[in-house]
1. Highest first, please rank the peptides 210-221, 540-551 by the mean number of other Cβ atoms sitting within 10 Å of their residues.
2. Determine, for 305, 357, the number of other Cβ atoms within 10 Å of each Cβ, and report the residues in order from fewest to most.
3. Given Cα pairs under 8 Å that are at least 6 residues apart, what percent is the relative contact order of segment 501-723?
4. At 7 Å along the Cα-to-beta-carbon direction for both residue 686 and residue 305, put a label point, then send me their distance in nm to one decimal.
5. Take each of the peptides 325-334, 458-467, average the number of other beta-carbon atoms within 10 Å over its residues, and list them starting from the highest.
6. Sorted from fewest to most neighbouring beta carbons within 10 Å, what does the list 454, 563 look like?
7. Got a sec? How would 335, 103, 302 order by Cβ neighbour count within 10 Å, fewest to most?
8. R0 = 60 Å: FRET efficiency of residue 616 with residue 317, Cβ-based, nearest 0.05?
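Every read-out reported here was derived from the displayed coordinates using simple, explicitly stated rules and does not represent laboratory data. This one's a predicted model, so the numbers in the text were calculated from it and none came from an experiment. Because the Cβ atoms are built from the backbone with ideal geometry, glycine has one as well, and the counts that use them run over all protein chains shown.
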């Protein structure tokens, strides 16, 4: 018997929680081979002996009377009970006694298994967990070593049930199971963005507990995780020469064959396997496959056999089994197969495709398709035929469809009874034409929906690339997403911001314009806070678009900013909106929309406001922005008053001094005071030229680059005005 197969069988069996599951696995895998069964049982016996040794010997005690207490102590932690075990570690329920008292999970290397490779893998799991911060991933709290030198680390205690048991015990329906699964997708997406591939996603590593009455899944056990970024390769390379790792029923084909180029899509396959089990109650490629006799045969099955659709898997069950599984999901016998056919079959098959390139590109994309299914939208998986697209339209427009059907039925009856109903026939035909038109529109919209889904997946994939520092590849991918098509997500916002800054640092201003323009559309729509930390993001986008004289996209950004921040209660937000929206001359309608904000800012400056009091820096910006607003309205006297109020408190902020000089120059020029305006423009241009080497590529890194760009825009406008 192949030693690798024995090791794989032992690790797979040790990862199962119940004796019944282990017995079924070993029975099918050994296939009457008594010698193999004896060797595996011997490994379990050694494991039990080692655990007893740990529980009786891992301590230092000068006083035998203290032995019982010391047996359960490990630093600040008191061991209470044994929770479970994996291939290399044992997990205990423990109580932290200081600095706070709380229940935790403590994982320690098994006695006798503290080889260099196992220690490296154990440390890899600790570091993998420490890198992540997500509500659906168990947190690492502490780490250390026992007095005998054995490593341990302390995790958040997840007092939950495996996801399949949780759902079955409560007889959750398909939609509820999918909602839980989408949270798991979000957690795995977070891990991927942190450069970690889990590689052992299975129901026993997805624990669910109730929090405020809501089911919350937690991903645990990153014991065989793999890094995807070079910075982590030094501690997450320990499984490369061990053949395949993980649990066979949920293992991707590329892992099964021992491929080195395993990426995040391997986890997508495992997620698909878990989804199939959540839906059907059965592992689509069950643990029975271990009984095939050899690792080579298992690899062949994984790499050559196509996964069956969940509905096909159910069709092979007996009527009693089908009824039991359907009822546990709140459905009548036979209804579950119908519920899974179509979307859910396609989603599972795409996630579990043999070739990684045919799978979802990210866990986010998988979760997004499930959300589309629940919302009766077109999913990206599977080849939808015209009937499928029409059925989706009917689900979204059930009322219109039923009304049209009733009119059509009336028409048929009327035509058979009397020609008196001629006008009704005409009416019905018009209604049918209308419905046909709507159907055609729905079909046309399907292409748009599918394209948007593709854009969302590209952005998700690009965000992962950015998190790994692969800016060039992410840049090429995001260039295919048109302006305004980015989804409103933090993932998209982060990718656009980092790539925009990357281009700015390289002096690629045209490319940076695209990213900041998209960012100005995305971030304010997902962060609803009334905060200048949100509104400030509009300024670089507006400055870049204005400098490029891309007035079409500038108008879009400006309209969105006015709509988003019109109800603000912060004078700083108003100041930033004015600075972004008034960089070029605008129409009366836009100025009318901004007037309530101007009145609010004037009140704050007259009566005081906590954001402005004793803060000359903010007050100066507010006065300048109000002066800019009045100038765009043509109120030169008011504009001059507010600008001159800003000048004495402008301080040493050079870009703002340039702005103020240019605004005053334009006011004086409009009033016919040419000498004053020329002196002010000369002063502004000299300040700019002394600090900006090239027209836009700012060399002074002590100030925000977009403040200098705004100053450049005002100098350009002033020169054009005075040269007319």
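1. Numbers: 210-221: 16.7, 540-551: 22.2.
Ranked by mean Cβ neighbours within 10 Å, highest first: 540-551, 210-221.
2. 357, 305
3. Numbers: 281 pairs, mean separation 34.8, N = 223.
16 percent.
4. Between residue 686 and residue 305, the simple spin-label model gives 8.4 nm.
5. Details: 325-334: 15.9, 458-467: 24.0.
Highest to lowest by the protection proxy: 458-467, 325-334.
6. Ranking 454, 563 by Cβ neighbours within 10 Å, fewest first, gives 563, 454.
7. Ascending Cβ contact count within 10 Å gives the list 103, 335, 302.
8. Efficiency computed from Cβ-Cβ geometry: 0.20.
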